[in-house]
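K.L.:
Below is one structure. I have some questions about it.
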Amino acid sequence: MVWRWIQVLVLGVLALRAPFVSAGDPEDFRVATFNLENYHLHPFGNRTAKSPESRRQVVEEIVQIHPDVLALQEVGDRGALDELQARLRERGLTLPHVEHVSGWDTNIFVGVLSRFPITARRPHVRESYLLNGRRFFTSRGIAELDIEVSPRYRFTLVTTHLKSRRQSVLADESEMREAESRILRRTVDGILEGSPQANVIVCGDFNDTQDTPTIRTLIGRGRTSLLDSRPGERSNESQRSEGQRTVTWTHHYGKEDTYSRIDYILLSKGMAREWRPEGSYVLATPHWGLASDHRPLVCEFVAKDR
């Protein structure tokens, strides 16, 4: 009897010293970003409605990923985002927490759907910059959200859609995009300068390749620099084998028939410690082009500070 009480006492002390984890806390979670290529239910501005077949394929790809947090670009008005959310719920993917951010472009918007509660919202909808003596506004808004995965784990999501690579009569499109990237970088610095180890994910369609000033500006330097996760292609039919080249492209530009990586998931140093590269990928499906001219990418994380 005495020995049994000693065992109970020892186990009790160990339980007090161990970190508390609720049975309902997720052990890991997935964050995805996806440019939906004009997800409109009806003609909107100068853009046509997305076909029912295309919308169904969008849902199929998102369900296949089964993200916990989904950042979206080129989504239509709030009604279009609500329709997508309902379609996903019908397929068993419930993402009840929503953010819809407008910007200077009144045709397409930035959206976020999340399984986890959004505890703070700091939308940036009227950011501007000077270029050649003229003031411009960022094409799309920036969503900045604090997301609570569990009472013991939170992260900040920053997502947007930078200026397209289409030529503009107002200014050089690459200079406009680089100026927008500086605004996005200032948003990130506002988080990390006071807390360099904060958990931050910066993702979206940045419309530039990795060797450009736009992406170099976003990644930054020093203690607040970001890690480019650069996930490779994965499909249900095949997994990448040893020695096979990593395929990372996320966008097909039909006019030039080119494939490039312009969609990103960038991680702060704190967030990178929880990143699981083996659970991160660009989704490859046979009918990807029916959904969008972009392919979704996803990163997986451990829901515990390391």
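Derivation of every value follows stated rules applied to the coordinates shown; laboratory data play no part. Since we're looking at a predicted model, the values are computed, not measured. FYI the Cβ positions are ideal-geometry reconstructions off the backbone, even for glycines, and counts take in every protein chain you see.
K.L.:
Taking Lys50 as the anchor, which lysines have their alpha carbon closer than 22 Å to its alpha carbon, excluding any fewer than eight residues away along the same chain?
P.N.:
Within reach: Lys163, Lys255.
K.L.:
While we're looking at this one, here's another question. What residues from the stretch 193-228 fall in the zone where the backbone N is under 12 Å from a label point 7 Å along the Cα-to-C-beta line of Glu256?
P.N.:
So the set is 208-209.
K.L.:
Under 1.5 on a/c is rounded, so check that first for the stretch 25-302, then, if it is not, pick prolate when a/b is larger than b/c and oblate when it is not; a ≥ b ≥ c are the square roots of the alpha carbon gyration tensor eigenvalues. Before the final figure, lay out each step's value.
P.N.:
On the way: a/c = 1.23, a/b = 1.05, b/c = 1.16.
Judged from the Cα gyration tensor, the stretch 25-302 comes out rounded (a/c under 1.5).
K.L.:
Using the charge dipole of the stretch 25-302 (Lys, Arg: +1 at Cβ; Asp, Glu: -1 at Cβ; taken about the Cα centre), state which of Tyr281, Thr212, Ala80 has its Cα farthest towards the positive end.
P.N.:
Thr212
K.L.:
Multiply the residue separation of Arg121 and Gln210 by 0.36 nm, subtract the distance between their alpha-carbon atoms, and state the gained length in nm to one decimal. Display every interim value, and only then the final one.
P.N.:
Details: separation 89, 0.36 × 89 = 32.04 nm, distance 2.88 nm.
Length gained, Arg121 through Gln210: 29.2 nm.
K.L.:
Could you calculate the FRET efficiency of Arg89 with Thr246 from 1/(1 + (r/R0)^6), where r is the beta carbon distance between them and R0 is 35 Å, rounded to 0.05?
P.N.:
Computed FRET efficiency for Arg89 and Thr246 comes out at 0.55.
K.L.:
Hey, another quick one. Between Rg and the Kirkwood Rh of the stretch 130-173, both from Cα atoms, what is the Rg to Rh ratio?
P.N.:
Result: Rg/Rh = 1.23.
K.L.:
What residues from the stretch 61-87 fall in the zone where the backbone N is under 20 Å from a label point 7 Å along the Cα-to-C-beta line of Ala49?
P.N.:
74-87
K.L.:
When the helix-only estimate is applied to the chain (DSSP H runs of n ≥ 4, each -39,500 (n - 2.57), divided by the residue count), what is the mean residue ellipticity at 222 nm, nearest 500 deg cm²/dmol?
P.N.:
When only DSSP H runs of four or more count, the value is -7500 deg cm²/dmol.
K.L.:
By how many degrees, 0 to 90 and rounded to 10, does the Cα axis of helix 52-65 deviate from the longest principal axis of the chain?
P.N.:
Long axis of 52-65 versus the principal axis of the chain: about 30 degrees.
K.L.:
Between 0 and 90 degrees, rounded to the nearest ten: what's the tilt of helix 2-17 against the longest Cα principal axis of the chain?
P.N.:
20 degrees
K.L.:
Another question about this same structure. For Glu193 and Gln64, compute 0.36 nm times the residue count separating them, minus their Cα-Cα distance, and round to one decimal in nm.
P.N.:
Gain in length upon complete extension: 42.8 nm.
K.L.:
How far apart, in nanometres, would the label points at His287 and Glu148 be if each is projected 7 angstrom from Cα along the Cα-to-Cβ direction?
P.N.:
Distance between label points: 4.0 nm.
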